[in-house]
Structure formats: C-alpha cells, structure tokens
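Undergrad: For reference, the structure I am asking about is given below.
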C-alpha cells in the first residue's frame, strides 16, 4: 500500500541568525539536510526565508512528512514553529527541493510585491495555501529565468 | 550443594587457577597495587579486545569507555566497586545492551577478587516489567527501583536530583475524538520528545495513562530542573502531526527536589504530584516547584472532601430562598433557591469553597438532585403565581441524567413544570453546542423555564441567545454594583436589557442593594430585580411568611 501524498506548510521565527553570511550558511545547511531527506524518504518541498522568518513546504508520503516535521519540532533551535496546513495533496508542487529568498531590497520588493503588500514579509499573516502558491510561482519564475 | 562437590573431587584440579577457569563467571584478581594480576578466560572474553592484565580498574574502565563499549557512568561504577565494600552486586549496562553484574571481595593480602557476571538474559526476563510496553520508557516499577537506588546513594555520598512529574493537558480530548490508535501514536511521540529533552543518565518513565516522570540526576539544582521544565512545557506543547492529524496538547509539570523535598521515593513522588496539581490549578501549560504549604493546603482540602462526602447523609445542607420582584408594581414573582452547608465544626461553609470541590469529585450530581427535589417540594406549597429558580452546575448539565432528574423532581412534588426555572451559567454552554442544545430543548419540552445566569461575566454566549429561546437573562451583580462608578457597566446593562426585550426575554438584575441601583436598572430597562434591597435569602418558614405578607 502506498501512502497518500501529503503537504505540510509551517513557518518559524528567529531560527536564523541575523548576520547575512551566517544566514547563508544556515540556509545552505538546511537545504543540504533537506536534500538528504529527499533521497532517503521521498520528501521534497521548498524553503522561503527572510531575516526574521522562515517558511517551509514539505511534500511526500504521509508517514515521511510526519517524521520529518517531528524532527523539526524536536530541534531546540526552531522557536515558535507554527503549523499552517497539513493534508492530502493531488500532486507535488515541488518535485525537487527549491528555495526562495524574500529579502528587503528594492528589486525584491518589486518582484515579490504581492507578499510585501499583503504581509509586510510577516509570514504569520499568510495562510498555508497562500505560502504554497507564492512559493510555487516564484520557483517557476526562477526556472524560466534560468532556461 | 556445590561446596560438597568441590570437597568430594578436589583431585581433578591441578591448581586453583584451573578451578577459576571453569567458573561460569569472569574473574579478575587484583594485586595490592590494584592492578589486574590474573584474568580467567571468561573475564578476558567479556573484556576483549581490551587486555586487562596490568591495568587498574580505573584504567580498565577508561579503556572500555574509549572504545565505546561502556558509558562513563559504567566506568565510574567499576571504580567504586572496591570502595563500596558491599556484597550486593552492582549491575552496569554496556552501550550495546549487555548487562554485567560486578562484585568485589577483599583478599587477605590487600588485593581484590572482582567477578563479572553476564546477567543480560536474567535482566531481559525482567524487562517486560521494567519497560512500558507502548512507549519503551521505564515503567513505574523501574522508576521506583532506580529512585530508591539513587536515594540510597545520596544518603551515603550526598548529591542532588529532581523528580519531575508531568501529565498531558487535553490528551483525553484527542483520545476521545480521534480514537486510541491516534492517542497511542501521540503518546509515543511525547515519549520521544521527553527522551530528546533529557541528558544521558536521567530516567524517563511512563507512570500510566498520560502521566510521565523524569528523574533528573546531577546538574546544579534547582536551575537544572527549572531549565528542563521550561523546555518540556515548550517542547510538549508544540504541534504534532500523526496519522494524518494535526494534534495540539500541552503539559503541566510539578517538581520535587532531592534532598530538600524528600529522601524517600514515596515522599518525592507525592510532593512532585502536589506541585503538578498546583501547576494545573494555576492554569496548566506551566510548571511549579513543590512547597511545603502545598501539602498543608492539600490536607485541608482532603479534610473538606471527607466532610463533604458525609454532608448529604448527615442532612447538613439546607436551602434558603431569595425573593425576586417585578420592578413595575413591586410584586413578588419568584424565589431563587440557594444552597447552604452548615457543618457542626466549620459553621457555615461558603458555596464558593465547596461547590468547585463537589464538582471536581463528582458529588455535585447527588447534591444537585437533592437541591432540585427539595426546592420543588417547597415551591409546591406556595401560590401558583410564584416560581422557583434552581441553579444547575455545568457538570450536571453535561451528565445524561438531568432530564430524568427534573422529570422525577416535578412528579414527586406535584409542582407545575412552568413554575420551575433552571439557571444555567455561561460556562455550561461553552462545551459542545449540539449536545447542549439537545439538553436545552429537552428541558423546554418538559415545560420548564430556562434562564441564563451570570450573563456577561464569562464568554460571549450571544450565539446561544439566537439558537435557544431563553426565558430570562440574569445580569451579574458585578455590573449592578459598579454601574454607578463605571460607565461601561451601565452600558452593558443597557445592551443586555435591550437585547433581552428584542428576543422577548425577561431581564433580571442580581445584587440590588440600594434604591439608587434599583432606580438605575429600572431606567436601563431591566424588568426584574433580586438583592438585599428587596430581601436577604430567607429560611423556608420566613419565605412562606414573606409571601403571605406580600401576596395577599
């Protein structure tokens, strides 16, 4: 029996250090860890982050998504993890691991204006569905720009 | 008997070393300097690949730790074995799970004989009891044993520790709504989180149900326990996802410290439990350290409980009746029945002191039935125009017997249903809308009246006013008392009375004590009043006299 595909969206505050270099390092580490998990248990997803917040979408078999999230919950470095949504999904929105930076520069502002306008970069004011949609759109943009 | 056998066949052994070789335990012989001068084959096999020859126990332990076979605690236990001077074997567990029982016996020449006995199988046989089947944590029995062993060591050598007891808030709701498989999965995850929060050497146990305990050994107390408790409240309170569900629970934590809060396992468990009780009473999702006054308060509560359990049988309860009047025309329309407990030694006990306790221990149901029957019987003696209001506890409201009890109280007294008015607090309405509405409608079908008590004090029950046609809204006395000084209170009273009149409900103000207050509530549109201005609560006889004087 194959487990049904599930999607989970959460955000977390203050888990990343403010200094840009340190933040790059930490995000790189999170992404690397995430990719290892991907190989092992079939969980993919996307990261979105800025200075104060961090949002993640996890997609995969139900049990694997649950185990991955539980590992995150047990990690003392994650403060105030808020689970925004969790449930079955039709298909993966992110078949490979992806990430997006939602910074404060003018270029970013123009580009991710919809988030800035709606939330002032405060992920807590976005629904799980909205974070998923925004991330999805951003990742598609990146792919087109690279092509 | 083995001793006889050895004596009967001594010639089979060419030297004592050969005899030692044949023993089913590992043997190390230490010289006067504490170094290993002899190891039998079994000892060498147990310690391989380490060659024990020439090593002290200290050095041997360090080697075993270095190669990852033993924990530092096990090595320390090995070092202590010659110091302990006890015949009782000390059991150490290797990192791979093998258990070794160690003994040491002093020799005449100042050296030692140390035995190493593999007791893994023996321990495995006991394992079933030592481990909690669901979570794999230590069982209550195992915690008890470890605690006793630790306390014995503390009494010899001193030391600090904390016993941390916790249980889960809202776990029952998860179990009830999503079923035991989800509840069990959640308990396993909680167990994992507890393990992740403690240090090596601490004991994590499941005491049963959703109760857990941690023996935190070492660390600077109380700081270490404080840090652990904070971490537990945060960690256990984080959202879980299990079997497709998002689950939210919390935890309350109570802490007793060794040695100041007790040196016996029973005392420590009891004191940690008292602290846990306090944490729950203080709103859950928090932790409390044990304090001696918690014990005193608990003893007082226990005394009250014992007396309360007897009060009904000893007929120590009585009802008094406070008149309610219609403001226009100043006519008596009814009485509210109020419960009093007159104890021979305690005197008059305030309902605020015993009702919450009665609710907690389930006594409120029989007490509530007594109140209902007694009040109905008394009211049946009054003129037909006068109603009787009886308070219902949220606990009674949740129970399945309420409709039967009301039916039988009416039948037993011969009181017309329309003359009985049941007062329900906002709190009772919070729980489960559909079930609550079913009970309310059931009462309505019996023909009794239903009023909402203490309106405005708790949570907004406005939605209920729409869903269920209450006959009356009772405005809490706190608003009446403060309306002269607080404009908000006056505004609330005005809002409630206009709400009442638009829904076709009567509004009654409680706690009316002065003519000014009466004038004000009348001006705000309130239809009925109750309070000292009209009359104090009256004994049954006085109530009958009051009626005779006013309703003639």
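Undergrad: Using only Cα atoms and rounding to the nearest 10 degrees, what angle (0 to 90) does helix B:364-379 make with the longest principal axis of chain B?
TA: Result, in degrees: 10.
Undergrad: Defining a contact as two alpha carbons under 8 Å apart and six or more residues distant in sequence, what relative contact order in percent does chain B show?
TA: Working: 922 pairs, mean separation 43.0, N = 552.
About 8 percent, as a whole number.
Undergrad: For each of B:145, B:336, count neighbouring Cβ atoms within 10 Å of the residue's Cβ, then give the residues from fewest to most.
TA: On the way: B:145 17, B:336 24.
The most exposed by this proxy come first: B:145, B:336.
Undergrad: Sticking with this one: Based on the alpha-carbon gyration tensor of chain B and its eigenvalue square roots a ≥ b ≥ c, which shape applies: rounded if a/c is under 1.5, prolate if not and a/b is larger than b/c, or oblate?
TA: prolate
Undergrad: Would you give the gap between the C-alpha center of segment B:179-234 and the C-alpha center of segment B:280-348, rounded to a whole Å?
TA: Going from one Cα centre to the other spans 37 Å.
Undergrad: Just need the relative contact order of segment B:295-361 here, percent rounded to a whole number, with Cα pairs under 8 Å and 6+ apart. If you can, show how the numbers build up before the last one.
TA: Working: 62 pairs, mean separation 17.0, N = 67.
The normalised contact order for segment B:295-361 reaches 25 percent.
Undergrad: Something else now. Describe numerically, in nm with one decimal, the distance between label points set 7 Å from Cα along Cα→Cβ at residue B:199 and at residue B:317.
TA: It is 5.4 nm.
Undergrad: Can you tell me which of B:39-50, B:379-390 comes out highest on packing, and rank the rest after it, using the mean Cβ neighbours within 10 Å?
TA: B:379-390, B:39-50
Undergrad: Residue B:45 versus residue B:445, label points 7 Å from Cα toward the beta carbon: distance in nm?
TA: 7.8 nm
Undergrad: So if we plug the beta-carbon distance of residue B:99 and residue B:243 into 1/(1 + (r/R0)^6) with R0 = 51 Å, what FRET efficiency do we get, rounded to 0.05? Spell out each step's value before the answer.
TA: Working: r = 35 Å, r/R0 = 0.70.
Efficiency, from the Cβ-Cβ distance: 0.90.
Undergrad: A further question on this structure: Across peptide B:244-256, how many C-beta atoms of other chains are within 10 Å of each residue C-beta, on average?
TA: Shielding by partners across B:244-256 averages 2.
Undergrad: A further question follows. State, to one decimal in nm, how far the label point of residue A:29 lies from the label point of residue B:227, with both points 7 Å from Cα in the Cβ direction.
TA: Going from the residue A:29 label point to the residue B:227 one covers 1.9 nm.
Undergrad: How high is the FRET efficiency between residue A:41 and residue B:342 when r is their beta carbon distance and R₀ equals 56 Å, given to the nearest 0.05?
TA: In this case the efficiency is close to 0.25.
Undergrad: Hey, another quick one. Calculate, in nm to one decimal, what residue B:485 and residue B:172 gain on full extension: separation in residues at 0.36 nm each, minus their alpha carbon distance.
TA: 108.2 nm
Undergrad: Calculate how steeply helix B:487-503 sits against the longest principal axis of the alpha-carbon atoms of chain B, using the helix alpha-carbon long axis, and give the answer as 0 to 90 degrees to the nearest 10.
TA: 70 degrees
Undergrad: Express the relative contact order of segment B:184-224 as a whole percentage, based on alpha carbon pairs under 8 Å and six or more residues apart in sequence.
TA: With pairs under 8 Å counted, the relative contact order is 28 percent.
Undergrad: Hey, with R₀ at 41 Å, roughly what FRET efficiency would residue B:522 and residue B:370 work out to, going by the Cβ-Cβ distance, to 0.05?
TA: Numbers: r = 36 Å, r/R0 = 0.88.
That pair, residue B:522 with residue B:370, gives E of 0.70.
Undergrad: Taking other Cβ within 10 Å of each residue's Cβ, how do B:164, B:436, B:241 sort, fewest first?
TA: On the way: B:164 27, B:436 20, B:241 23.
The most exposed by this proxy come first: B:436, B:241, B:164.
Undergrad: Sticking with this one: Ranking request for peptides B:266-278, B:537-549: highest mean number of other beta-carbon atoms within 10 Å first, then the rest in descending order.
TA: In decreasing order of mean packing, B:266-278, B:537-549 become B:266-278, B:537-549.
Undergrad: Between residue B:330 and residue B:113, what is 0.36 nm times their sequence separation minus the Cα-Cα distance? Round to one decimal in nm.
TA: 68.2 nm
Undergrad: Hey, another quick one. For n ≥ 4 DSSP H runs only, could you compute -39500 (n - 2.57) per run for chain B, divide by its residues and tell me the 222 nm figure to the nearest 500?
TA: -14500 deg cm²/dmol
Undergrad: Specify whether the C-alpha gyration tensor of segment B:307-550 places it in the rounded, prolate or oblate class, a ≥ b ≥ c being the square roots of the eigenvalues: rounded for a/c under 1.5, otherwise prolate if a/b is larger than b/c and oblate if not.
TA: Rounded, since a/c falls under 1.5.
Undergrad: Under the classification rounded if a/c is under 1.5, otherwise prolate if a/b is larger than b/c and oblate if not, where does segment B:236-357 fall, given a ≥ b ≥ c as square roots of the Cα gyration tensor eigenvalues?
TA: Cα axes put segment B:236-357 in the oblate bin.
Undergrad: Where does segment B:131-290 land on the Kirkwood hydrodynamic radius, alpha-carbon pairs, in angstrom? Each step should come with its number before you reach the end.
TA: Numbers: mean 1/r = 0.0639 Å⁻¹.
About 15.7 Å, per the Kirkwood formula over Cα pairs.
Undergrad: If you line up the long axis of helix B:223-237 against the longest principal axis of chain B, both from Cα atoms, how many degrees apart are they, to the nearest 10?
TA: Long axis of B:223-237 versus the principal axis of chain B: about 60 degrees.
Undergrad: Once you have the Cα-Cα distance between residue B:66 and residue B:19, take 0.36 nm times their residue separation minus that, and quote the gain in nm to one decimal.
TA: 13.7 nm
Quick note: the coordinates plus some simple rules give every number you see, no bench work behind them. Predicted, not measured: the structure shown is a model, and the values here were computed from it. Here the Cβ is made from the backbone with ideal geometry for all residues, glycine too, and neighbour counts use every protein chain on show.
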